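Take a look at the structure below.
The values are calculated or read from the model by the stated rules, or taken from the named source; none is laboratory data. These numbers were taken from a predicted model, which means no experiment stands behind them. Methodologically, a virtual Cβ is constructed for each residue, glycine included, from the backbone with ideal geometry; neighbour enumeration extends over all protein chains shown. In case anyone asks, the SASA skips ligands and DNA or RNA and just uses the protein heavy atoms, side chains included. Shrake-Rupley method; radii C 1.70, N 1.55, O 1.52, S 1.80 Å.
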Amino acid sequence: QVQLVESGGGLVQAGGSLRLSCAASGSIFSDNFMGWYCQAPGKQRALVAGITSGGNTNYADSVKGRFFISRDNAKNTVYLQMNSLKPEDTAVYYCAAVKSGSFFWGQGTQVTVSS
């Protein structure tokens, strides 16, 4: 059974920082693509940042240079460091893992950025 548990969301002022964590359990992590997605009200869920098992990363254009994804395979944890936050970053952030073409999702954590 795959389980992803996010933490680290909250309310922050514009310009501030947050670090999200996603702890994975079950038969998934070190060999799998991991990603952070966000979904704002009325919008579709979209990729924010992803990281392969080899450590290659990719980012949405809107967060390049501000957000940084990393993973600690020994702890089965993936992180999203979010800097210079903007009100438009406000959304529910979901951790995802891809295994054999299937997506597994965490429960989501709310990030709210006030202006």
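Details
- Candidate set: the range 97-115, residues that are in a strand (DSSP E or B) and not β-branched (V, I, T); chosen: the one least open to solvent (accessible area, probe 1.4 Å): A97
- Scanning the range 7-21 for residues that are within 15 Å of the chain's Cα centre (by Cα) and on the phi > 0 side of the Ramachandran plot turns up at least one hit.
- Scanning the range 53-76 for any residue that is modelled with pLDDT of 95 or more, under 14 Å from the mean Cα position of the chain (by Cα) and acidic (D, E) turns up nothing.
- Hey, A91 touching a residue at least 24 places away in the same chain (Cβ under 8 Å), more than 19 Å from G15 (Cα to Cα) and aliphatic (A, V, I, L, M) or not: no
Results for (1) in a strand (DSSP E or B); (2) at positive phi; (3) open to solvent by less than 50 Å² (accessible area, probe 1.4 Å); (4) touching a residue at least 24 places away in the same chain (Cβ under 8 Å), shown as yes or no for each residue.
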residue: L47; (1), (2), (3), (4): yes, no, no, no
residue: G54; (1), (2), (3), (4): no, no, no, no
residue: N58; (1), (2), (3), (4): yes, no, no, no
residue: S62; (1), (2), (3), (4): no, no, no, yes
residue: G65; (1), (2), (3), (4): no, yes, no, no
residue: I69; (1), (2), (3), (4): yes, no, yes, yes
residue: V78; (1), (2), (3), (4): yes, no, yes, yes
residue: S84; (1), (2), (3), (4): no, yes, no, yes
